[in-house]
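Enquirer: To start, I am sharing the structure in question, which I have written as structure tokens.
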Number of protein chains: 2
Amino acid sequence: MELVFSHRMESMQPSAIREIFKNMADPSIIPFAGGNPSHEAFPVKELENIARIVFENNPITALQYSVTEGYPLLRDAVKSFAQSREPGILHPGDDIIITTGAQQAIDLATKALVNEGDTILCEDPSFIGALNTFRTYRANLVGVELEEDGISVEKLEAALKEHPDAKILYLIPNFQNPTGGTMSLEKRRAVYDLCLRHHVVILEDNPYGDLRFAGENVPAIKTLDTEGIVCYCGTFSKIISPGLRVGYAIAPAGLVGKMVVAKQCGDIHTPILNQMICCQFLQSCNVAGHLSALQKLYRGKCSLMVQAMEEHFSRARFNSPEGGLFVWCTLPDRIGLMDFIRAAGEAKVAVVPGTTFLPDTSRPCHSFRLNFSAPTNQQITEGVERLGRVLDQMLR
Amino acid sequence: MELVFSHRMESMQPSAIREIFKNMADPSIIPFAGGNPSHEAFPVKELENIARIVFENNPITALQYSVTEGYPLLRDAVKSFAQSREPGILHPGDDIIITTGAQQAIDLATKALVNEGDTILCEDPSFIGALNTFRTYRANLVGVELEEDGISVEKLEAALKEHPDAKILYLIPNFQNPTGGTMSLEKRRAVYDLCLRHHVVILEDNPYGDLRFAGENVPAIKTLDTEGIVCYCGTFSKIISPGLRVGYAIAPAGLVGKMVVAKQCGDIHTPILNQMICCQFLQSCNVAGHLSALQKLYRGKCSLMVQAMEEHFSRARFNSPEGGLFVWCTLPDRIGLMDFIRAAGEAKVAVVPGTTFLPDTSRPCHSFRLNFSAPTNQQITEGVERLGRVLDQMLR
């Protein structure tokens with residue numbers, strides 16, 4: 001029988017990145033397309049040891065059902081961790097929920113706040129995974145221009161006025177995905193004030209904040225949140241392991257309460273073994289030392305990529321990010337983006353076309369995203385050289 | 001700021017069972033309310049050993065991002081397992097998705113199929129976790145009377161005629177939650193034919209199928225599904241561990257495809273470590289031996305409960321299920337259900353009022369659900385005795 005799907009899903013396509021991902025098993029393809037942490041980044045020995053200890057000391061807790069809001073000891077450990085990384089992030093009316101990755105925190109917040117047809121504002125471009133979630137709720141997705149130091153405040157104000165039904169502003173203030181840029185403190189303050197005035201919840205997604213390898217930390221928007229309008233999403237995917245799928249949201253207690261109910265209906269709770277592993281890692285390992293090792297690793301990989309691009313890819317524009325996992329690159333005007341992506345693919349280099357990240361995918365785009373965490377150093381050098389040859393050929 | 005929640009969530013309340021759960025840490029309360037497997041049911045040593053092997057042999061796969069549809073080796077292992085338990089369950093057009101528990105399979109299928117206002121038919125009473133999921137999609141929930149051998153075919157036919165917008169029929173054919181009853185093969189065939197004729201997808205939830213400890217196995221409705229209208233949900237929660245949160249759906253490939261896209265937006269993928277643990281368990285442990293040990297364990301607990309009820313609770317009506325985790329009990333007419341539940345609580349016995357399981361919670365109900373897997377044998381005897389004293393007191 002021909003099945004009829006819901007309106008929300010009938011036009012949804014699999015994420016282009018997830019689809020590219022499936023081909024990444026081919027070792028001859030240079031993987032600049034994903035957002036995977038480096039294999040060297042995983043604290044394998046510590047996690048192996050912790051898993052053994054959890055099974056030895058507390059197997060029943062690890063294997064039995066638990067409460068939806070999260071393993072209580074992990075919730076406390078995450079509060080301390082977040083507070084140490086972002087002083088002032090917890091406000092008196094806030095609560096915390098442990099989620100199956102930050103992706104689920106985004107999903108639950110949207111489920112709790114957005115009706116079909118409501119507007120969600122976001123940076124343009126922005127993270128495809130979040131945009132697709134918003135699309136499954138049939139939100140009216142409105143992109144706001146992204147400048148070098150963050151979203152355009154002027155254009156945000158205009159968008160808020162134009163869309164009084166806006167419910168959420170979705171932001172990745174640190175090392176934005178895909179552009180790698182960071183929002184200035186001045187803009188964070190201005191954006192907070194604007195959203196407060198317009199009764200819009202800020203969904204602050206900060207997967208990369210702990211991966212700063214240059215420049216000065218800028219406080220999270222959540223630290224400014226005296227009025228309870230910010231839902232802050234964090235994750236252990238980039239600093240411990242994405243395969244464990246443990247993330248969290250810190251948000252006003254009323255919103256967390258609704259997210260908990262939504263999560264009960266979604267997956268009951270995040271796996272307890274995984275929560276206990278993350279908890280033990282935060283409690284007993286040298287987290288600061290681990291983070292600075294990660295930062296050093298990615299600083300090296302990023303500068304290797306940027307240097308190779310300066311050498312082989314100087315006819316395009318690109319940034320040199322202060323953290324995160326991505327470099328954003330804009331081609332010369334006369335080069336067609338999809339022609340370039342295809343030619344790169346033929347040269348066995350996978351990158352993600354910028355169109356993937358557009359709230360309005362029909363807008364013209366000349367940029368693409370490169371990831372420097374997943375490839376080896378040798379792949380970085382070799383891959384950028386290949387991209388350089390592809391571009392040179394196209395410009396000839 | 002006062003946050004405004006979405007219509008779908010504004011009236012949703014936390015699951016009564018999940019809330020009761022929070023109090024179950026109090027060891028003086030006899031836990032007849034949950035649906036937790038017995039602690040004795042967990043293959044702790046095997047899982048500990050498997051986790052160690054996974055970390056030793058394949059840590060990067062366990063910790064890195066993976067594909068949304070599930071760890072490929074687990075998908076194959078689950079297909080073999082399901083096929084061995086339910087011969088003929090896989091049809092040529094079917095595919096499989098690994099989910100974060102069967103709860104997520106229910107959520108994803110609903111997301112893929114149901115628009116706001118569409119009708120979902122279900123047994124009355126039925127599993128609160130699924131009913132609440134349907135409510136978050138603002139479905140029109142229509143309960144159909146449940147008889148001893150399954151849903152009333154006559155009433156189902158009337159309901160299908162009355163609700164041409166019905167998209168899903170949700171069923172728990174084996175050891176139904178909450179009633180413990182099992183649908184006859186004759187009814188399974190009749191229900192399948194009816195749904196095919198009315199273009200309604202059957203969401204077949206089978207968490208307890210492997211926990212049959214008496215009587216003969218009845219084939220899953222999915223084994224009848226030559227036309228591709230059944231989405232079969234399975235889980236390892238009751239036979240390996242609920243804390244690991246690994247479930248699956250076997251369904252027509254088109255529906256699985258939509259569920260995969262919905263899952264990308266929900267939690268990207270189910271944790272890989274957990275999938276690898278379940279995979280290794282299926283591949284290398286004595287699964288048949290483990291299942292028969294579980295069946296023996298629950299056969300003993302169930303008969304202990306039923307015997308104690310025959311002795312102390314004979315003024316109420318109750319069934320003797322052939323499997324699963326629950327006994328369903330109906331009080332004498334003159335006893336108010338909530339008065340009884342309260343008095344039981346005061347006697348420190350937690351049971352779930354039947355109203356919790358009603359699609360229409362305003363319908364009168366005189367029944368409650370008892371769980372025999374979580375309490376110890378001593379708690380079963382003691383708890384039923386206390387319930388007997390409570391009832392005697394109220395009947396005096």
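The values are calculated or read from the model by the stated rules, or taken from the named source; none is laboratory data. Fair warning: this is a prediction, and the values are worked out from it, not measured in the lab. Quick reminder, even Gly has a Cβ in these numbers, built from the backbone with ideal geometry, and neighbours come from all protein chains shown. We work out accessible area using only protein heavy atoms, side chains counted, and drop any ligands, DNA or RNA first. Shrake-Rupley method; radii C 1.70, N 1.55, O 1.52, S 1.80 Å.
Enquirer: Tally the residues that are within 18 Å of B:VAL191 (Cβ to Cβ) and open to solvent by 10 Å² or more (accessible area, probe 1.4 Å), restricting the search to the stretch B:104-124.
Expert: The total comes to 1.
Enquirer: Here's something else I'd like to know. So if I check each of B:ALA350, B:ALA251, B:ALA344, B:ALA288, which one is small (Gly, Ala, Ser) and out of contact with any Phe, Trp or Tyr (no Cβ under 9 Å at 6 or more places or on another chain)? Before the answer, list the steps.
Expert: On the way: B:ALA350 fails: out of contact with any Phe, Trp or Tyr (no Cβ under 9 Å at 6 or more places or on another chain); B:ALA251 fails: out of contact with any Phe, Trp or Tyr (no Cβ under 9 Å at 6 or more places or on another chain); B:ALA344 fails: out of contact with any Phe, Trp or Tyr (no Cβ under 9 Å at 6 or more places or on another chain).
Exactly one residue qualifies, and that residue is B:ALA288.
Enquirer: Further question: May I ask you to verify whether B:THR68 is of a type in the set (Val, Ile, Thr), in contact with an Asp or Glu (Cβ under 8 Å, 6 or more places away or on another chain) and open to solvent by less than 10 Å² (accessible area, probe 1.4 Å)? Working first, answer last.
Expert: Working: of a type in the set (Val, Ile, Thr): yes; in contact with an Asp or Glu (Cβ under 8 Å, 6 or more places away or on another chain): no; open to solvent by less than 10 Å² (accessible area, probe 1.4 Å): yes.
Here the answer is no, as B:THR68 does not meet what is asked.
Enquirer: Could you give me the residue pairs with C-beta distances under 6 Å whose first residue belongs to the stretch B:352-381 and is over 12 Å from B:GLY300 (Cα atoms), whose second residue is of a type in the set (Lys, Arg) wherever it lies, and which are 6+ apart or on separate chains?
Expert: Matching pairs, first to second residue: B:VAL352/B:ARG369.
Enquirer: Kindly indicate the residue of the stretch B:254-271 that is of a type in the set (Val, Ile, Thr) and facing chain A (nearest Cβ under 8 Å) and also surrounded by the most Cβ atoms within 10 Å (Cβ to Cβ) among those meeting that condition.
Expert: As a first pass, look at the stretch B:254-271 and keep what is of a type in the set (Val, Ile, Thr): B:256, B:260-261, B:268, B:270.
This time we only want the ones that are facing chain A (nearest Cβ under 8 Å), so: B:260-261, B:268, B:270.
Working: B:VAL260: 20, B:VAL261: 22, B:ILE268: 22, B:THR270: 32.
Looking at the filtered set, the residue picked out is B:THR270.
To keep it simple, each residue is scored yes or no on (1) in a helix (DSSP H, G or I); (2) touching a Gly at 6+ places or on another chain (Cβ under 8 Å); (3) without any contact (Cβ under 8 Å) to a residue 12 or more places away in the chain.
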position: A:THR270; (1), (2), (3): no, yes, no
position: A:LEU273; (1), (2), (3): yes, yes, no
position: A:SER292; (1), (2), (3): yes, no, yes
position: A:ARG299; (1), (2), (3): yes, no, no
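Enquirer: Just the residues that are β-branched (Val, Ile, Thr), outside any strand (DSSP E or B) and either more than 10 Å from chain A (Cβ to nearest Cβ) or open to solvent by 20 Å² or more (accessible area, probe 1.4 Å) (or both), please, taken from the stretch B:203-252.
Expert: Pass one, the stretch B:203-252, residues β-branched (Val, Ile, Thr): B:218, B:221, B:223, B:226, B:229-230, B:235, B:239-240, B:246, B:250.
After this cut, where a residue has to be outside any strand (DSSP E or B) as well, the list is B:218, B:221, B:223, B:226, B:229, B:239-240, B:246.
If the condition is that a residue be β-branched (Val, Ile, Thr), outside any strand (DSSP E or B) and either more than 10 Å from chain A (Cβ to nearest Cβ) or open to solvent by 20 Å² or more (accessible area, probe 1.4 Å) (or both), then B:VAL218, B:ILE221, B:THR223, B:THR226, B:ILE239 are the ones that fit.
Yes/no per residue for (1) in contact with a strand residue (DSSP E or B) (Cβ under 6 Å, 6 or more places away or on another chain); (2) closer than 24 Å to A:LEU395 by Cβ:
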| residue | (1), (2) |
| --- | --- |
| A:MET276 | no, no |
| A:VAL287 | no, no |
| A:CYS302 | no, no |
| A:GLU310 | no, yes |
| A:ARG317 | yes, yes |
| A:GLY323 | yes, no |
| A:PRO359 | yes, no |
| A:PRO364 | no, yes |
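Enquirer: Of everything in the stretch A:348-364 that's open to solvent by 60 Å² or more (accessible area, probe 1.4 Å) and either within 24 Å of the chain's Cα centre (by Cα) or within 19 Å of A:SER320 (Cα to Cα) (or both), which residue is modelled with the highest pLDDT? Reasoning before the result, please.
Expert: Restricting attention to the stretch A:348-364, the residues satisfying the condition of being open to solvent by 60 Å² or more (accessible area, probe 1.4 Å) are A:348, A:360-364.
Still in the list and also either within 24 Å of the chain's Cα centre (by Cα) or within 19 Å of A:SER320 (Cα to Cα) (or both): A:360-364.
Working: A:ASP360: 95, A:THR361: 89, A:SER362: 90, A:ARG363: 91, A:PRO364: 92.
Only one residue fits best here, namely A:ASP360.
Enquirer: OK, next. Here are some conditions: (1) assigned to a helix (DSSP H, G or I); (2) among the aromatic types (Phe, Trp, Tyr); (3) under 23 Å from B:VAL144 (Cβ atoms). B:PHE340 meets all but one. Which one does it not meet?
Expert: Looking at each condition in turn, B:PHE340 falls short on (3).
Enquirer: Given the options B:SER320, B:SER367, name the one that is away from chain A (no Cβ under 14 Å), of a type in the set (Gly, Ala, Ser) and open to solvent by 20 Å² or more (accessible area, probe 1.4 Å).
Expert: Details: B:SER367 fails: open to solvent by 20 Å² or more (accessible area, probe 1.4 Å).
Just one listed residue meets the conditions, B:SER320.
Enquirer: Another question, then. Check A:ALA109, A:ALA102 and return the single one that is within 29 Å of A:SER367 (Cβ to Cβ) and in contact with an Asp or Glu (Cβ under 8 Å, 6 or more places away or on another chain).
Expert: Values: A:ALA109 fails: in contact with an Asp or Glu (Cβ under 8 Å, 6 or more places away or on another chain).
On inspection, the qualifying residue turns out to be A:ALA102.
Enquirer: Hey, which of the helices (runs of 4 or more DSSP H) in the stretch B:29-128, taking only ones fully inside, have at least 1 residues that are in contact (Cβ under 8 Å) with a residue 60 or more places away in the chain and within 30 Å of B:VAL306 (Cβ to Cβ)? Can you show your working first?
Expert: On the way: elements: B:44-57, B:59-63, B:72-85, B:102-113.
The helices (runs of 4 or more DSSP H) meeting that bar are B:72-85, B:102-113.
Enquirer: Oh, and also: Please determine whether any residue of the stretch A:330-339 is within 29 Å of A:VAL218 (Cβ to Cβ), touching a residue at least 40 places away in the same chain (Cβ under 8 Å), open to solvent by 10 Å² or more (accessible area, probe 1.4 Å) and among the β-branched types (Val, Ile, Thr). Walk me through it before giving the result.
Expert: Residues of the stretch A:330-339 that are within 29 Å of A:VAL218 (Cβ to Cβ), as a first pass: A:330.
With touching a residue at least 40 places away in the same chain (Cβ under 8 Å) added as a condition, the list becomes none.
The answer is no; no qualifying residue exists.
Enquirer: What is the residue count in the stretch B:77-103 for residues that are more than 28 Å from A:LYS263 (Cα to Cα) and either of a type in the set (S, T, N, Q) or open to solvent by 70 Å² or more (accessible area, probe 1.4 Å) (or both)?
Expert: So the answer is 6.
Enquirer: While we're here: Suppose we keep only residues that are at the interface with another protein chain (Cβ under 7 Å from one of its Cβ atoms) and more than 21 Å from the chain's Cα centre (by Cα) within the stretch A:272-289. Which one would you say is nearest to A:LEU203 (Cα to Cα)? Working first, answer last.
Expert: Step one: of the stretch A:272-289, the residues at the interface with another protein chain (Cβ under 7 Å from one of its Cβ atoms) are A:272-274.
Within this subset, residues satisfying the condition of being more than 21 Å from the chain's Cα centre (by Cα) are A:272-273.
Working: A:ILE272: 26, A:LEU273: 28 Å.
Applying the filter and picking the extreme gives A:ILE272.
Enquirer: Now a separate question. Could you list, in sequence order, all residues of the stretch A:138-177 that are in contact (Cβ under 8 Å) with a residue 60 or more places away in the chain, more than 28 Å from A:PHE32 (Cβ to Cβ) and within 19 Å of the chain's Cα centre (by Cα)?
Expert: A:VAL142
Enquirer: For the stretch B:277-290, which residues satisfy the criterion of being without any contact (Cβ under 8 Å) to a residue 40 or more places away in the chain and either surrounded by 14 or more Cβ atoms within 10 Å (Cβ to Cβ) or over 26 Å from B:ARG75 (Cβ atoms) (or both)? Reasoning before the result, please.
Expert: First pass over the stretch B:277-290, keeping only residues without any contact (Cβ under 8 Å) to a residue 40 or more places away in the chain: B:286, B:288-289.
Hits for the stretch B:277-290: nothing passes.
Enquirer: Do we have B:VAL327 as in contact with a Leu (Cβ under 7 Å, 6 or more places away or on another chain) and either outside any helix (DSSP H, G or I) or buried (at least 20 other Cβ atoms within 10 Å of the Cβ) (or both) here? First the steps, then the outcome.
Expert: Working: in contact with a Leu (Cβ under 7 Å, 6 or more places away or on another chain): yes; either outside any helix (DSSP H, G or I) or buried (at least 20 other Cβ atoms within 10 Å of the Cβ) (or both): yes.
For B:VAL327, the condition - in contact with a Leu (Cβ under 7 Å, 6 or more places away or on another chain) and either outside any helix (DSSP H, G or I) or buried (at least 20 other Cβ atoms within 10 Å of the Cβ) (or both) - is met.
Enquirer: Follow-up. Restricting the search to the stretch A:178-202, which residues are away from chain B (no Cβ under 14 Å) and assigned to a loop (DSSP other than H, G, I, E, B)? Talk me through it step by step, then tell me what you get.
Expert: To start, the set of residues in the stretch A:178-202 that are away from chain B (no Cβ under 14 Å) comprises A:178-191.
Within the stretch A:178-202, A:PRO178, A:THR179, A:GLY180, A:GLY181, A:THR182, A:MET183, A:SER184 meet the criteria.
Enquirer: Provide a single number: the residues in the stretch B:94-117 that are within 8 Å of chain A (Cβ to nearest Cβ) and of a type in the set (D, E, K, R).
Expert: Qualifying residue count for the region: 3.
Enquirer: Here is a follow-up. Spot the failing condition for B:ALA374; the list is (1) open to solvent by less than 10 Å² (accessible area, probe 1.4 Å); (2) aliphatic (A, V, I, L, M); (3) within 20 Å of B:ASN36 (Cα to Cα), and only one is missed.
Expert: (1) is the only condition that B:ALA374 fails.
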